[in-house]
Amino acid sequence: MSDLQIKKTSTLYDAVIVGSGAGGGMAAYVLAHAGLKVLMLEAGPFFDPAKNSAQLKFPWESPRRGASTNTRNFGDFDAAFGGWSLDGEPYTTKNGTDFQWFRSRMLGGRTNHWGRISLRMGPYDFQPKDGLTTAWPITYDDVKPFYDKVDRLIGIFGTVEGLENEPDGIFLPPPAPRLNELYIKKGAKKAGVTTIASRGSILTQALPNNKDRGACFYCGQCNRSCKVYGDFSSSSCLVIPAIKTGNLTVIANAMAREVLTDDKGLATGISYINKDDMQEYQVKGKIVILGASACESARLLLNSKSSAHPGGLANSSGVVGKYLHDSTGAGASGWLPQLMDRKRYNEDGVGAIHIYSPWWLGNKKLDFPRGYHIEYGGGLHMPGYGFMDGIEAKNGLVPGRDGKMKDAGGFGADLKNDYRRFYGASFGMAGRGTAIAREDNYCEIDPEVVDKYGIPVLRFHYKWAAEEIKQAKHMQDTFQEIMHEMGAIAEPPAGPETMYGLKAPGVIIHEVGTVRMGDDPKKSALNKYNQAHDCNNLFVVDAAPFVQQGDKNATWTILALSMRTAEYILAQRKKLNV
Amino acid sequence: MNRRESLRTLAIGAAATGLLLDASCKPGTQKITEAAPPKEGAPDPSRLPNEIARDKKLSEEKFFTDHELATITVLVDIIIPKDEKSGSASDAKVPEFIEFIVNDMPEHQTPLRGGLRWLDVQCLNRYNTTFREASNQQQIDMVTLIAYPKKAKPEMAQGVAFFSRMRDLTATGFFTSEMGVKDIGYVGNSPTIWTGVPADVLKAHGFDSVWG
C-alpha cells in the first residue's frame, strides 16, 4: 500500500510566491499591503531573528569557539541555515569547471546573514559604455524611484558624494571609521584611491514611522541576524510585517518541485514537497512569482516542462540558465606595527563595512571592462576560532618592547605578551568587481542526477576569462600600493598561480543573470518588468533577471526591481491584464 | 523605535536566554550581565536540532588517551603560562577545548597524535623518559628546539609543524575563554553607541577627527 498522494488545495490565491529572500519578501510585502491574498512557500524553516539569532553570545558559548562547520559555513554563530553543500541536495559541474553554490534554507534566505552592504547600480551599470557588456532594457532613471522607496522603507546609512556612477541615496548617518580604517583611508588617499563612508542597511538612527524595528546598538554582529531588527533581513523587515497584514500565508519547509501550467501555457500554481510529512502538495494562484534565488528559479523553470513549454517554462528563447555571473572577488591582508600595544575600547561598530572605495577609475581604458570596489575592515574584534593563528609569521619582524628583535615563534610569558601586543593590528581588504555575463557560463538540468526529493538538480558550467583574471591582478596591485602607503606589513600577495586570488565562481554569493530580462523575446526570458515573455502571469523577482551586474552587491537592486515588479502587477491587475 | 526602546526589547527577548539588561543606565553605558542560565533542557533557539544533537555527541566523544591529554596539558601551559595578568591555558580549560575540537575537526587528529608521539620519542632518546615525565628544564629544552621555526634544525621540522599547530590551538582556546577575552581586553559584545575612535586615541595616532 502506498500512502503517497498529491494533496491539492481548493484555495485560489491572488499570488503564490516561491522564496522568502530579498526578492520574494519584497513582492510579498507590497502585494500583501495592497490587500492581495498571497501564499509564500519557503524551502526551509520559519526564522525570526528576534527569537532565533545567536546575537551577543561570547565565543566560549560555542564549544568550537565560533568555528565553522558543515552546517554553518560562516561560523557557529552565523545565521545561515544552509551552506555550500546541503545534505541530500547535490549539484554538479561540467567539463571540469567550478561553481560554488551557497543556499540558505530559512525564512529570509541569505538576507539573514549577508554583509548589509547596500549599493545602487549606477547609470553606466544599466547602460554600459565599455563596448563589451550588454545593456539592460531599463535605465538608472527607471529604477531610481524604487531605490529611493527602498531606502525609506528599509533604511540605509551613507554619505552624499555626487559620484557619477555611484548614485547617492536617502541616507542615515554612517558609522565613523575604526582606527585601522583611518590608516587605510590615509594610505588609500596617498595611493590615489578614493575611500568614502560605506553604505549599509543598518539603522544608525531610528527609522521614521517604524515602531517595529530598533536602532542599532553597535555589536557588529549583523551576520548573526538582529534581535531588535536593527538591520535589513527579509524575514524581519518584509515577511514578518507582511504576515501581520493578515494577507500573507507562509508555508515553511515547502520545497518547490515545479510551476504548474494549464493548456494555454499560463501558470496555475506550484507543486511542492512538504519536508515535514514528505507528502506532495499543489497550491493554486492567479499569479506565480519566483524569488527562489537566481539558480533555484532557473532550475524551477527548466524543470517545469509541458506541451506548451517543451523546453521549460518561459524558455522559448533558450536563455534560461545562461549568462550566470557572480561578482569577481579577491582579497589581501596585512597588519600595522603602528597599532601594536593599542589602547582598548569597544570598537565593534556595525556589522557591515565602515568605509569602502567605489570604483575610482570611471570609464578609463584598461585591459578589463569597468571595475571593482574595495571593502575594508579591521579592529578590536571579538576573538574566535583561529584567533591570531600563525603569530610566528609576525613576531620576528618587529622589535619587542625592549627594542630588541627576537626569534619568530616562541612560547611562555613572552609569547603571551605578544598576543596582547598584536591584538587589533590586522586588517583586510577585498575587491568585488564586474564579471562579464557570458552565454557559455550557465546552469542547466543534469540529465542523470536528482535530489532526495526526486527533483532534477542543476549542473554548472562556469569559467573565468582573461578579463576577470586581469581585473584580479589590478586588485592585487592596488592592495599592495595601499598597504605600502599605509606603512603596513602585507601578508604575501596572491600571484598568477592562484589567478591573483580570484575566488571560484559563486564564492562571493552574488550570482545573478540566469533568467535575464530584455525587450527581445528571442534573446531574453522576461520583459523589463520581470514578466515572462511566454507566460504573462509568471514573474521572477530575485537576481535571475539581471542582465549584467555592476561591481555593486546585488541586494539593493533585487529589492528595487522586486518592488517595481510588484507595483507593475498591481497596476496590471487594475487593468485586468493579469 | 529609538535605541532605548530597542534595548528594552532586547532585554525582554534576552530574558529567555539568560541575559538581563539594565535599561535604566544612560545609552552607551548599558551593561549586559549573565543572569540565571537558561532552563535545563530548553533547546537553544538559534541552533537546528541536528546541530544540537551533533554537539552533544561530540562532547561525549574522547579521542585522546589519558597520557596524551596529560601531555597536552603540560604543553599548553608551557605555551601560555600563568602570569600577573591571568591564569594559565589549563586554568582556562584549553585541554578540554582541544579534546572537543579534534572530534569536531578530525583533520587535527593525526597531526596531534603523531606529533605527541614524535615528541615522546625525541625525549626517550634524549632523556630516557617521555615528555610528560621529563623534568621541567628538559621539557623547556625540548620545546625550545621546535618553537622557533626560523632557527630550528631541519631534522626538527616535523616537531616545528606540530608545535605551531599546538600554539595556534592554545591561543584560540585561551583567548576565546572568559579568562582570555578579559586578558586580551576585548570589551565589546555589549550595547553601546559608536561615535568613532576616542579622542585620545585619535591624537596618539595623529588623526585630526573621527573621519581622519
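Looking at A:G349, A:G379, which is the one that is touching a helix residue (DSSP H, G or I) at 6+ places or on another chain (Cβ under 6 Å), closer than 30 Å to A:P167 by Cα, within 14 Å of chain B (Cβ to nearest Cβ) and in contact (Cβ under 8 Å) with a residue 60 or more places away in the chain?
Working: A:G349 fails: touching a helix residue (DSSP H, G or I) at 6+ places or on another chain (Cβ under 6 Å).
The conditions single out A:G379.
Any idea which of A:G75, A:G35, A:G25, A:G88 is crowded, with 24+ Cβ neighbours inside 10 Å, at pLDDT 95 or above and among the small types (G, A, S)?
Details: A:G75 fails: crowded, with 24+ Cβ neighbours inside 10 Å; A:G35 fails: crowded, with 24+ Cβ neighbours inside 10 Å; A:G88 fails: crowded, with 24+ Cβ neighbours inside 10 Å.
Only one candidate passes the filter, namely A:G25.
If you go through region A:172-192 one residue at a time, how many are part of a loop (DSSP other than H, G, I, E, B), in contact (Cβ under 8 Å) with a residue 60 or more places away in the chain and surrounded by fewer than 22 Cβ atoms within 10 Å (Cβ to Cβ)?
Keep residues of region A:172-192 that are part of a loop (DSSP other than H, G, I, E, B), which gives A:173-178, A:191-192.
Then drop every residue that is not in contact (Cβ under 8 Å) with a residue 60 or more places away in the chain, which leaves A:174-178, A:191-192.
Of the ones still in play, those that are also surrounded by fewer than 22 Cβ atoms within 10 Å (Cβ to Cβ) are A:176, A:191-192.
Number satisfying all stated conditions: 3.
Specify the residue that is nearest to A:E375 (Cα to Cα); the eligible residues are those in region A:530-578 that are of a type in the set (F, W, Y) and crowded, with 19+ Cβ neighbours inside 10 Å.
So the first thing to find is which residues in region A:530-578 are of a type in the set (F, W, Y), and the list is A:539, A:546, A:556, A:568.
Narrowing further to those that are crowded, with 19+ Cβ neighbours inside 10 Å: A:539, A:546, A:556.
Working: A:F539: 33, A:F546: 23, A:W556: 17 Å.
Taking the candidates together, the pick is A:W556.
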- Can you spot a residue in region A:140-147 that is touching a strand residue (DSSP E or B) at 6+ places or on another chain (Cβ under 8 Å), at pLDDT 95 or above and away from chain B (no Cβ under 12 Å)? no
- Looking at (1) out of contact with any Asp or Glu (no Cβ under 7 Å at 6 or more places or on another chain); (2) more than 7 Å from chain B (Cβ to nearest Cβ); (3) of a type in the set (G, A, S), which is the only condition A:G433 fails? (1)
- Among (1) more than 16 Å from B:V74 (Cα to Cα); (2) part of a helix (DSSP H, G or I); (3) within 14 Å of chain A (Cβ to nearest Cβ), which single condition is B:V121 missing? (3)
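Every residue, every condition in (1) among the small types (G, A, S); (2) farther than 30 Å from A:I374 by Cα; (3) surrounded by 22 or more Cβ atoms within 10 Å (Cβ to Cβ), yes or no:
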position	(1), (2), (3)
A:A256	yes, yes, yes
A:I273	no, yes, no
A:G291	yes, no, yes
A:A314	yes, yes, yes
- Being among the aliphatic types (A, V, I, L, M) and part of a loop (DSSP other than H, G, I, E, B) is the filter; apply it to region A:92-137 and report the residue that is surrounded by the fewest Cβ atoms within 10 Å (Cβ to Cβ). A:L132
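Are any residues in region A:1-39 of a type in the set (D, E, K, R) and in contact (Cβ under 8 Å) with a residue 12 or more places away in the chain, and if so, which ones? Walk me through it before giving the result.
Looking only at region A:1-39, we keep the residues that are of a type in the set (D, E, K, R), and these are A:3, A:7-8, A:14, A:37.
Answer for region A:1-39, where residues must be of a type in the set (D, E, K, R) and in contact (Cβ under 8 Å) with a residue 12 or more places away in the chain: A:K7, A:K8, A:D14, A:K37.
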- Item | Residues being in contact (Cβ under 8 Å) with a residue 60 or more places away in the chain and more than 9 Å from chain A (Cβ to nearest Cβ) - total across region B:96-118 | 2
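Return the total of residues in region A:198-224 being more than 9 Å from chain B (Cβ to nearest Cβ), surrounded by fewer than 24 Cβ atoms within 10 Å (Cβ to Cβ) and either of a type in the set (S, T, Y) or assigned to a loop (DSSP other than H, G, I, E, B) (or both). Before you say what the answer is, go through the steps one by one.
Taking region A:198-224 as the starting set, the residues that turn out to be more than 9 Å from chain B (Cβ to nearest Cβ) are A:198-202, A:208-209, A:222-223.
Filter once more, keeping what is surrounded by fewer than 24 Cβ atoms within 10 Å (Cβ to Cβ): A:208-209, A:223.
Those left that are additionally either of a type in the set (S, T, Y) or assigned to a loop (DSSP other than H, G, I, E, B) (or both): A:208-209.
Within region A:198-224, residues that are more than 9 Å from chain B (Cβ to nearest Cβ), surrounded by fewer than 24 Cβ atoms within 10 Å (Cβ to Cβ) and either of a type in the set (S, T, Y) or assigned to a loop (DSSP other than H, G, I, E, B) (or both) number 2.
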- Query: Which number in (1) facing chain A (nearest Cβ under 9 Å); (2) closer than 19 Å to B:G115 by Cα marks the one condition that B:W211 misses?
  - Reply: (2)
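A:N536: of a type in the set (S, T, N, Q), out of contact with any helix residue (DSSP H, G or I) (no Cβ under 8 Å at 6 or more places or on another chain) and either assigned to a helix (DSSP H, G or I) or more than 17 Å from A:G21 (Cα to Cα) (or both), yes or no? Can you show your working first?
On the way: of a type in the set (S, T, N, Q): yes; out of contact with any helix residue (DSSP H, G or I) (no Cβ under 8 Å at 6 or more places or on another chain): yes; either assigned to a helix (DSSP H, G or I) or more than 17 Å from A:G21 (Cα to Cα) (or both): yes.
Taking the combined requirement at face value, the residue satisfies it.
Only one of A:G390, A:G386, A:G409, A:G454 is touching a Pro at 6+ places or on another chain (Cβ under 6 Å) and over 30 Å from A:F126 (Cα atoms). Can you tell me which?
Numbers: A:G390 fails: touching a Pro at 6+ places or on another chain (Cβ under 6 Å); A:G386 fails: touching a Pro at 6+ places or on another chain (Cβ under 6 Å); A:G454 fails: touching a Pro at 6+ places or on another chain (Cβ under 6 Å).
Unique residue meeting the criteria: A:G409.
Within region A:225-246, which residues are buried (at least 22 other Cβ atoms within 10 Å of the Cβ), more than 8 Å from chain B (Cβ to nearest Cβ) and either assigned to a helix (DSSP H, G or I) or touching a strand residue (DSSP E or B) at 6+ places or on another chain (Cβ under 7 Å) (or both)? Working first, answer last.
First, the residues of region A:225-246 that are buried (at least 22 other Cβ atoms within 10 Å of the Cβ): A:225-240, A:242.
Retained after the next criterion (residues that are more than 8 Å from chain B (Cβ to nearest Cβ)): A:225-226, A:229, A:231-240, A:242.
Matches in region A:225-246: A:D231, A:S234, A:S235, A:S236, A:C237, A:L238, A:V239, A:I240, A:A242.
How many of the residues in region A:138-147 are crowded, with 18+ Cβ neighbours inside 10 Å and more than 30 Å from A:A80 (Cβ to Cβ)? Step through it out loud before you land on a result.
Just the residues of region A:138-147 that are crowded, with 18+ Cβ neighbours inside 10 Å, to begin with: A:140, A:143, A:146-147.
Add one more test, that the residue is more than 30 Å from A:A80 (Cβ to Cβ), and what stays is A:140.
Within region A:138-147, residues that are crowded, with 18+ Cβ neighbours inside 10 Å and more than 30 Å from A:A80 (Cβ to Cβ) number 1.
Under the condition of being part of a loop (DSSP other than H, G, I, E, B) and touching a strand residue (DSSP E or B) at 6+ places or on another chain (Cβ under 9 Å), which residue from region A:404-436 is surrounded by the most Cβ atoms within 10 Å (Cβ to Cβ)? Lay out the reasoning, then the answer.
Of region A:404-436, the ones part of a loop (DSSP other than H, G, I, E, B) are A:404-411, A:423-425, A:434-436.
Pick out the ones that are also touching a strand residue (DSSP E or B) at 6+ places or on another chain (Cβ under 9 Å) and you get A:424-425, A:434-436.
Values: A:G424: 26, A:A425: 24, A:T434: 28, A:A435: 34, A:I436: 22.
Result: A:A435.
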- Considering only region A:387-403, how many residues are loosely packed, with under 13 Cβ neighbours inside 10 Å and either away from every other protein chain (no Cβ under 12 Å) or modelled with pLDDT under 95 (or both)? 4
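Condition test on B:S46, is it at pLDDT 95 or above, closer than 30 Å to A:R105 by Cα and surrounded by 17 or more Cβ atoms within 10 Å (Cβ to Cβ)?
yes
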- Starting from residues that are crowded, with 24+ Cβ neighbours inside 10 Å and of a type in the set (S, T, N, Q), keep the ones in region B:159-184 and report whichever is nearest to B:L116 (Cα to Cα). B:T170
- Which of the residues that make up region A:30-65 are within 24 Å of the chain's Cα centre (by Cα) and part of a helix (DSSP H, G or I)? A:V30, A:L31, A:P49, A:A50, A:K51, A:N52
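Pick out the one residue from A:Y529, A:Y568 that is out of contact with any Cys (no Cβ under 8 Å at 6 or more places or on another chain), part of a helix (DSSP H, G or I) and without any contact (Cβ under 8 Å) to a residue 60 or more places away in the chain. Reasoning before the result, please.
On the way: A:Y529 fails: part of a helix (DSSP H, G or I).
Answer to the selection: A:Y568.
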- Message: Residues that are within 11 Å of chain A (Cβ to nearest Cβ) and in a helix (DSSP H, G or I): does region B:79-91 have at least one?
- Response: yes
- Where a residue in region B:161-177 is facing chain A (nearest Cβ under 7 Å) and its partner, wherever it lies, is among the basic types (K, R) and part of a helix (DSSP H, G or I), with Cβ under 6 Å and at least six apart: none
- Message: Take the conditions under 18 Å from the mean Cα position of the chain (by Cα) and either surrounded by fewer than 19 Cβ atoms within 10 Å (Cβ to Cβ) or in contact (Cβ under 8 Å) with a residue 60 or more places away in the chain (or both) and apply them to A:G334. Does it pass?
- Response: no
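Is there a residue being more than 14 Å from chain B (Cβ to nearest Cβ) and out of contact with any helix residue (DSSP H, G or I) (no Cβ under 6 Å at 6 or more places or on another chain) anywhere in region A:172-190? Steps first, answer last, please.
Our first condition is that a residue be more than 14 Å from chain B (Cβ to nearest Cβ); within region A:172-190, this holds for none.
The answer is no, given that none of the residues of region A:172-190 is more than 14 Å from chain B (Cβ to nearest Cβ) and out of contact with any helix residue (DSSP H, G or I) (no Cβ under 6 Å at 6 or more places or on another chain).
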- Identify the single condition in (1) modelled with pLDDT under 95; (2) part of a helix (DSSP H, G or I); (3) away from every other protein chain (no Cβ under 12 Å) that B:A70 does not satisfy, given that it satisfies every other one. (1)
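The values are calculated or read from the model by the stated rules, or taken from the named source; none is laboratory data. The shown structure was predicted, so the numbers you read here are calculated from the model rather than taken from an experiment. Here the Cβ is made from the backbone with ideal geometry for all residues, glycine too, and neighbour counts use every protein chain on show.
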